[in-house]
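**Student:** A single structure is presented below for examination.
The values are calculated or read from the model by the stated rules, or taken from the named source; none is laboratory data. Given the structure is predicted, the values throughout are model-derived calculations rather than measurements. Neighbour counts are summed over all protein chains in view; Cβ atoms, including those assigned to glycine, are modelled from backbone coordinates with ideal geometry.
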Amino acid sequence: MRLILGVCALAIAAGAASAQVRTSAPRDTIEVLRLSRQQAIAEALTRNAQLDVAREQIAEARARRVQAVAIPDPALTAAYDQSPGPFTFGTAASRPVSLGLDVPFPDKFRLNNRIGVADIRANEQNFRLQTQTVAEAASTSYDSLLVALAHRTVLTETRDLANDFLSRTQTRYQAGSAARLDVIQAQVAVAQANNDLIANEGEITAAQASLNRALGRVRGSPIVPTDTLALPAPLPDSATIETTALENRPELAILQQQRAGAGATTSLTKEFWLPDFTFAVQRDYAPQGGPALFTTGIALPLPLLYWQHSRGDIAQAQHIERELAATYRDTRAQVVQDVRTAYANAATAIKQAIFIRDELVPAAREQYRVSSTSYSLGGTSALEVLTARTALLQAESQLADAIAAASTARADLNRALGIPVTPGASNP
């Protein structure tokens, strides 16, 4: 009887444990994302928090414009006048109630509107700039992940070659045609290949974390890229890159809008002496109060101390204009230098990748093939085979790095040209 009860208890416990495992399994399941480069860029432009910041800055600028051109609220005042003492409301001889409205000079609304519109457009250009920055960061992070995975492929091939070489070396050692030192060197090569694969796991994890950060994901997920490393598109004509950059760069557009706003601010500052219009209606609600009375007038300062304005706020506004003009000239020169440097870097990176692909890697593979075949026939030493294998590994790794560098340099050239990369992006 005790045996039967024990078996039943074990069965119940096993069932509960299996149910718990089935329940917790979905929680431990990690979603794997499969993304192409364009999909990664599109998701980054949708979810990255930097673009949310830029959108809110545009909304803030629009709110500032509404506030700048708003008519001041009317003022309602009520009082007890001609009282014999404080707080003696019942004996007040006059009880005036007035409603007044002060309207600035109409041209000030026009200038404030120009300032607000320039502010909005500057922030819209900043949104363009942030869009290009986020897209470039996502593309660069995608390349980093592709490189890490390419390194894993190379290291896996290296490990397989090392195991094959170890097998052949042990066979030759058992046949008496190889030294014990050759076997030890082959074992070290296998161990080194396994260690490099372990280190590569950290490289892949870091690349995935960087890409998740660019995609605006708080909780990172493993990402499997569906694209492969490939040479980027051909470069544009070098004769037109400066013109394209000067027409499209958001930095220059931002400064142009800031200069327009600064010019309107200077004009508005010079209108400090223009009159404001005053409209009011007043009625006395005392027992002998009369009918409602209306007031229409103007209020303006007397510019007797005009030098204070000419050397103060007006001078400050004019100097801001000159500062922005100088900043625009300097930024324009920087844009020309930036696009020339980016073009040279992209051209060099593409040439290097093509050379490694067409010249270095085939030569390294042929060298390894010849040395490996010769070793099997007893013509070369194990050290020569290991040296050739190391050269092949370095060449294949250099090829992956070079192609990724070329892709990154091409993306940087697009940024320097001001070409927007906006697949699936929404306008602010």
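**Student:** Considering only helices (runs of 4 or more DSSP H) fully contained in the range 220-326, which possess at least 3 residues that are under 42 Å from the mean Cα position of the chain (by Cα)?
**Tutor:** On the way: elements: 241-248, 250-270, 306-311.
The helices (runs of 4 or more DSSP H) meeting that bar are 241-248, 250-270.
**Student:** Would a scan of the range 357-370 turn up a residue that is assigned to a helix (DSSP H, G or I), within 30 Å of residue 253 (Cβ to Cβ) and under 42 Å from the mean Cα position of the chain (by Cα)? Show your work before the answer.
**Tutor:** If we filter the range 357-370 for residues that are assigned to a helix (DSSP H, G or I), which is where we start, we get 357-370.
Among the residues that remain, those that are also within 30 Å of residue 253 (Cβ to Cβ) are: none.
Looking through the range 357-370, none of the residues is assigned to a helix (DSSP H, G or I), within 30 Å of residue 253 (Cβ to Cβ) and under 42 Å from the mean Cα position of the chain (by Cα).
**Student:** Checking the conditions here, which among 109, 89, 105 is touching a Leu at 6+ places or on another chain (Cβ under 6 Å) and surrounded by fewer than 21 Cβ atoms within 10 Å (Cβ to Cβ)? I'd like the intermediate steps shown before the answer.
**Tutor:** Numbers: 109 fails: touching a Leu at 6+ places or on another chain (Cβ under 6 Å); 89 fails: touching a Leu at 6+ places or on another chain (Cβ under 6 Å).
So the residue among 109, 89, 105 that is touching a Leu at 6+ places or on another chain (Cβ under 6 Å) and surrounded by fewer than 21 Cβ atoms within 10 Å (Cβ to Cβ) is 105.
**Student:** Report, ordered by the first and then the second residue, all pairs with beta carbons closer than 9 Å, sequence separation of six or more or different chains, a first member in the range 36-63 that is in contact (Cβ under 8 Å) with a residue 12 or more places away in the chain and surrounded by fewer than 18 Cβ atoms within 10 Å (Cβ to Cβ), and a second member that is of a type in the set (D, E, K, R) and outside any helix (DSSP H, G or I).
**Tutor:** If the second residue must be of a type in the set (D, E, K, R) and outside any helix (DSSP H, G or I), the pairs left are 36/227; 38/227; 47/217.
Residue by residue, here is whether (1) surrounded by fewer than 16 Cβ atoms within 10 Å (Cβ to Cβ); (2) in contact with a helix residue (DSSP H, G or I) (Cβ under 6 Å, 6 or more places away or on another chain); (3) of a type in the set (A, V, I, L, M) holds:
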site	(1), (2), (3)
162	no, yes, yes
169	no, yes, no
177	yes, no, no
204	no, yes, yes
223	no, yes, yes
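**Student:** Sort through 188, 183 and tell me the only one that's of a type in the set (A, V, I, L, M, F, W, C) and in contact (Cβ under 8 Å) with a residue 12 or more places away in the chain. Quick ask: steps written out before the conclusion?
**Tutor:** On the way: 188 fails: in contact (Cβ under 8 Å) with a residue 12 or more places away in the chain.
Sole residue among the options that is of a type in the set (A, V, I, L, M, F, W, C) and in contact (Cβ under 8 Å) with a residue 12 or more places away in the chain: 183.
**Student:** From the list 409, 391, 402, pick out the single residue that is in a helix (DSSP H, G or I) and surrounded by fewer than 21 Cβ atoms within 10 Å (Cβ to Cβ). Spell out the reasoning first.
**Tutor:** On the way: 409 fails: surrounded by fewer than 21 Cβ atoms within 10 Å (Cβ to Cβ); 402 fails: surrounded by fewer than 21 Cβ atoms within 10 Å (Cβ to Cβ).
Step by step, each of 409, 391, 402 is checked, and only 391 is in a helix (DSSP H, G or I) and surrounded by fewer than 21 Cβ atoms within 10 Å (Cβ to Cβ).
**Student:** Determine which single condition residue 225 fails, assuming it passes every other condition in (1) touching an Asp or Glu at 6+ places or on another chain (Cβ under 9 Å); (2) closer than 23 Å to residue 399 by Cβ.
**Tutor:** (1)
**Student:** Taking the residues in the range 134-156 that are of a type in the set (D, E, K, R) and either surrounded by 21 or more Cβ atoms within 10 Å (Cβ to Cβ) or in contact (Cβ under 8 Å) with a residue 60 or more places away in the chain (or both) as candidates, determine which candidate is farthest from residue 214 (Cα to Cα). Step through it out loud before you land on a result.
**Tutor:** Step one: list which residues in the range 134-156 are of a type in the set (D, E, K, R), which gives 136, 143, 152.
Going one step further and asking which of them are either surrounded by 21 or more Cβ atoms within 10 Å (Cβ to Cβ) or in contact (Cβ under 8 Å) with a residue 60 or more places away in the chain (or both), we end up with 136, 143.
On the way: 136: 9, 143: 12 Å.
The selected residue is 143.
**Student:** Tally time: how many residues in the range 100-149 are closer than 30 Å to residue 293 by Cα and assigned to a helix (DSSP H, G or I)? Reasoning before the result, please.
**Tutor:** First pass over the range 100-149, keeping only residues closer than 30 Å to residue 293 by Cα: 100-109.
This time we only want the ones that are assigned to a helix (DSSP H, G or I), so: 106-109.
Going through the range 100-149 one residue at a time, the tally reaches 4.
**Student:** Does the range 80-88 contain at least one residue that is touching a strand residue (DSSP E or B) at 6+ places or on another chain (Cβ under 7 Å), charged (D, E, K, R) and at pLDDT below 90? Steps first, answer last, please.
**Tutor:** Within the range 80-88, the subset touching a strand residue (DSSP E or B) at 6+ places or on another chain (Cβ under 7 Å) is 81-82.
Next cut, charged (D, E, K, R) only: 81.
If we keep only those that are at pLDDT below 90 too, we end up with 81.
Yes, the range 80-88 has at least one match.
**Student:** Scanning for something surrounded by 13 or more Cβ atoms within 10 Å (Cβ to Cβ), farther than 30 Å from residue 328 by Cα and not small (Gly, Ala, Ser), does the range 238-252 turn up at least one residue? If you could, list the steps in order and put the result at the bottom.
**Tutor:** Pass one, the range 238-252, residues surrounded by 13 or more Cβ atoms within 10 Å (Cβ to Cβ): 241-242, 244-246, 248-252.
Applying the additional criterion that residues be farther than 30 Å from residue 328 by Cα yields none.
No, every residue in the range 238-252 fails to be surrounded by 13 or more Cβ atoms within 10 Å (Cβ to Cβ), farther than 30 Å from residue 328 by Cα and not small (Gly, Ala, Ser).
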